[in-house]
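The values are calculated or read from the model by the stated rules, or taken from the named source; none is laboratory data. This one's a predicted model, so the numbers in the text were calculated from it and none came from an experiment. Positions of Cβ are generated from backbone atoms using ideal geometry, with glycine treated the same way; all protein chains shown enter the neighbour counts.
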Amino acid sequence: MRNIFLDYTDLVEPLSLDEAYLDVTVNKPGIASATVIAREIKRRVKETTDLTVSAGVSVNKFLAKIASDWKKPDGLFVILPEEAESFVEELKIEQFWGVGKVTAAKMRELGIHTGRDLKKFGEEELVHLFGKAGHIYYRNARGIDNREVEPNRIRKSLGAEETFKTDLYDQTELRERLREIANEVWRRTSRRDFYGRTVTLKVKYADFREISKRRTLSRPIEDFYTLWSIAVDLLNAVEFGKGKRIRLMGLSVSNARETDGIEDRQLRLNFGEDEAEEA
């Protein structure tokens with residue numbers, strides 16, 4: 001899929017394994033229509049991989065992301081520049097990319113249910129209510145997003161998480177789920193040669209309160225056993241029980257060195273020298 005994207009533009013910013021932003025303002029085939037390019041990419045991905053993909057076409061990242069989710073799993077949706085602001089006004093607040101359940105609940109308490117409602121708030125007021133994200137909400141409510149497509153974005157972390165169908169509190173079951181997550185994290189880090197020094201465990205409780213615990217080693221983590229041992233230690237430091245049920249658990253690896261010397265490839269684990277941190 002990535003190779004197909006690159007046939008049209010070098011300005012490809014990966015979001016995940018199968019998702020990316022493409023800036024086709026100036027494109028290699030010289031096609032005048034971004035919609036035509038999107039159709040071609042969809043057709044070629046299907047022919048090459050037998051996978052269906054959804055495409056969103058618009059004037060910026062925010063709108064393109066919303067458009068790509070509009071007609072999944074095999075859709076093509078276009079938001080024209082002159083339609084952008086009116087389109088955003090009709091969006092439910094939950095459909096804004098980056099607005100999670102907790103923020104959406106807070107917005108509803110403030111009478112913000114749609115983009116039109118959000119647009120009534122001034123920028124300073126939104127910053128007061130939601131911190132730095134208020135600047136983004138203010139612009140997005142008007143269909144504005146000035147971020148560039150960044151093809152050389154440096155990966156800062158790799159991880160995986162799971163939202164449980166039933167909130168969990170049993171230690172054995174939580175460890176089993178954590179091992180599944182750790183296995184997936186290790187699979188992803190191994191495939192990408194991404195060996196970080198920091199492991200972070202994220203936990204979200206049934207009441208949506210979120211905490212994270214992390215540990216940083218002096219050397220990169222290069223085997224599953226080390227990753228798993230740290231993950232277990234971090235889980236043991238988390239409070240849970242019948243009164244503190246867990247609805248989501250995530251594990252990530254970060255703080256990778258851009259280049260590792262030969263000595264760094266030989267892991268010597270010394271928990272006494274590690275940095276422990278809780279957020």
Residue identified as hydroxyl-bearing (Ser, Thr, Tyr), outside the structural domain of Ser68 (by TED's automatic domain parsing), part of a helix (DSSP H, G or I) and in contact (Cβ under 8 Å) with a residue 40 or more places away in the chain among Thr163, Thr103, Thr189: Thr189
Residue pairs meeting the criteria (Cβ under 7 Å; at least 6 apart or on separate chains; first exposed (fewer than 14 other Cβ atoms within 10 Å of the Cβ), in the stretch 76-94; second part of a strand (DSSP E or B) and of a type in the set (Ser, Thr, Tyr)): Glu90/Thr114; Lys92/Thr114
Looking only at the stretch 209-242, and only at residues there that are part of a loop (DSSP other than H, G, I, E, B) and in contact (Cβ under 8 Å) with a residue 60 or more places away in the chain, the one that is surrounded by the fewest Cβ atoms within 10 Å (Cβ to Cβ): Lys242
Residue within the stretch 143-153 that is among the acidic types (Asp, Glu), in contact with a Leu (Cβ under 8 Å, 6 or more places away or on another chain), closer than 24 Å to Leu80 by Cα and surrounded by 13 or more Cβ atoms within 10 Å (Cβ to Cβ) present: yes
Check on Val102, modelled with pLDDT under 90 and farther than 19 Å from Lys65 by Cα: yes
